[in-house]
Amino acid sequence: MTTRPLILADLDDSLFQTRPKCGDWPEESLRLMSRLADGAPSGYATPPQQALMAWLAHGEVVPVTARSREVLARVAIAQAPAICANGGCILTADGTPDAAWHRLLEAEAQASTAPAALYPALVSGLCGEAYRHWLVSEDGLDLYIVIKSNHGDVPALTALAEALAARLPQGWRIHANGNNLAFLPPWLSKRAAVRYMLEQVRVATPERLVIGIGDSWSDAGFLDLADMAMIPTQAQLWQHIAHGHDWID
């Protein structure tokens, strides 16, 4: 029975990021990690991130990502097990969706406004030249709504989030991070999916070390379920910690 550390790792802006976010690292030092649907490069790991992933290889890395299965498939990382779509799909070790988890989400979704029903109210009136948007679904279950700026206009996206907040049903929440707005129903979260996965891990191997890695508010929900947590120092989550506590000079 394995006692290798279990590493629950967010991907984007944790293990890699877009080229502009890589700073001054020369092109030849970067490692291509992800591609867009058309095959164009989209994500890179810096030398420190590459060193981190080499160290993480001593454990079992489980992606915990907002990416759907389709988008996760374009990342150069082990694909299963994994938690995809902000917790909307759990892939087992053989790469198949966890059917019991899917049924649980289907049942919980019945008690809330369906994402497909809310979608038109959120995106109506949005300029097609300024924004792109879509509904994320897995195995026939609509999960959450995404809006992005076509021009990377983060201030405009922030203002849009504030304007759309009043349209959300009770329990829905907004996750904003850079050029990304996600509107999530109350039954969907990385935390719930990680808790479900760890319940099985703790029964089988209670002594197993669990490490969580994440950069944003959506990751904060599952990091405290791990034994140890890692946060990139340029991340949304770390900046909140650094600016909110006097003990950091």
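The values are calculated or read from the model by the stated rules, or taken from the named source; none is laboratory data. Values in this document were obtained by computation on a predicted structure and should not be read as measured data. Here the Cβ is made from the backbone with ideal geometry for all residues, glycine too, and neighbour counts use every protein chain on show. Accessible surface areas use protein heavy atoms only, side chains included; no ligands, DNA or RNA. Shrake-Rupley method; radii C 1.70, N 1.55, O 1.52, S 1.80 Å.
Go through segment 81-113 and count every residue that is small (Gly, Ala, Ser) and open to solvent by 50 Å² or more (accessible area, probe 1.4 Å). The qualifying residues number 4. Selection of segment 70-99 for residues being over 22 Å from Ile145 (Cα atoms), assigned to a loop (DSSP other than H, G, I, E, B) and of a type in the set (Gly, Ala, Ser) yields Ala76, Ala78, Ala80, Ala93, Gly95.
Of all the numbered requirements in (1) surrounded by fewer than 15 Cβ atoms within 10 Å (Cβ to Cβ); (2) at pLDDT below 95; (3) under 27 Å from Leu52 (Cβ atoms); (4) not hydroxyl-bearing (Ser, Thr, Tyr), Met228 misses one, and that requirement is (2).
Contact map, segment 125-136: residues that are assigned to a loop (DSSP other than H, G, I, E, B) paired with residues that are of a type outside the set (A, V, I, L, M) and open to solvent by less than 70 Å² (accessible area, probe 1.4 Å), Cβ distance under 7 Å, separation 6+ or inter-chain. Pairs shown: Leu126/His133; Glu129/Asn150; Ala130/Ser149; Ala130/Asn150. Taking each residue of segment 44-60 that is within 17 Å of Val75 (Cα to Cα) and looking for partners that are aromatic (Phe, Trp, Tyr) and open to solvent by less than 40 Å² (accessible area, probe 1.4 Å) with beta-carbon atoms closer than 8 Å, six or more apart or interchain, yields Tyr44/Phe16; Ala45/Phe16; Gln49/Phe16. Can you report the number of residues in segment 118-134 which are within 19 Å of His175 (Cα to Cα) and surrounded by fewer than 16 Cβ atoms within 10 Å (Cβ to Cβ)? Going through segment 118-134 one residue at a time, the tally reaches 6. Residues in segment 147-197 that are in contact with a helix residue (DSSP H, G or I) (Cβ under 9 Å, 6 or more places away or on another chain), surrounded by 16 or more Cβ atoms within 10 Å (Cβ to Cβ) and part of a helix (DSSP H, G or I): Leu164, Lys190, Arg191, Ala192, Ala193, Val194, Tyr196, Met197.
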